[in-house]
Amino acid sequence: VSIASDNSTSTLAKDGDDITLTFTASEAISTPVVTFQSGGAAITDGSIVYNNTSGNTWTAVYTADANDAAGSITFNISFRDSTGNTGTAITATTDGTNVTTDTTAPTLSNVSIASDNSTSTLAKDGDDVTLTFTASESISTPTVTFASGGSSINGNVTVQNTSGNTWTAVYTADANDTDGAVSYSIAFSDTAGNAGSAVTSGSGSVTTDTTAPTLSNVSIASD
């Protein structure tokens, strides 16, 4: 008896993923009856698909729904042989596999931006601009884009998971960056694949200034 999701992480299921329970009977059986629960509550999909794949091996498949309760997926397999003898209901896998429903999109908090310039709200050529944020759960490596003065930056962005669910995205200001306010967008998803809403604001601010100052009206006089 084995259970798996077709999610890229087979132990997780998000909205739209198929969960497959596979089992083999000791002899020919009639079509079994499988009930699933997610997070201790009945699943939303009532149309479980049964298939006798080969010999006495069967699968029971349902599709995870956004309304399913988050948590471990449990099941009950009722079955009988072709004579009508009822087998003992099965409620656990025999190979230790498991699937957990996760249909909740992650969120970000503590989003802040700063420069390593002596004035943290300004960035000149060579200064590092760091965006820091914390996810509400484990997420895959996010995609962070920066713009300066409304134009794309010229440097590469380095994204790093610093500790727990806290991340940083860092780029180095370039002399060719457009002067002006630094803006950003964080695209992210949890490990089940649920996408969070892109984040474009937080605390702190940085303004790019890579233009060297000039002097005018220079004069010299003697008394």
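A short reminder: the numbers here are calculations on the coordinates, not readings from a lab. The structure presented is a predicted model; accordingly, all values stated were derived computationally and were not measured. Glycine also receives a Cβ, built like all others from the backbone with ideal geometry; neighbour counts cover every protein chain displayed.
Return the FRET efficiency for the residue pair L215, D179: r is the Cβ-Cβ distance, R0 is 22 Å, and the value is rounded to the nearest 0.05. Don't skip to the answer; put the middle values down first.
On the way: r = 19 Å, r/R0 = 0.86.
The pair L215/D179 has a calculated efficiency of 0.70.
Could you give the dipole magnitude of the chain about its Cα centre, charging the beta-carbon of Lys and Arg +1 and that of Asp and Glu -1, in debye to the nearest 20?
Numbers: 3 positive and 22 negative charges, 109 e Å.
In debye, rounded to 20, the chain gives about 520.
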- Message: Which of rounded, prolate or oblate describes segment 1-127 when judged by the alpha-carbon gyration tensor and an a/c cut-off of 1.5?
- Response: prolate
- Only Cα pairs under 8 Å and at least 6 apart count here; give the relative contact order of segment 50-164 as a rounded whole percent. 16 percent
- Message: Based on alpha-carbon centroids, what's the gap between segment 189-223 and segment 1-54 in Å, whole number please?
- Response: 53 Å
- Message: Could you tell me the calculated FRET efficiency between T166 and T100, based on Cβ-Cβ distance and R0 = 25 angstrom, to the nearest 0.05?
- Response: 0.60
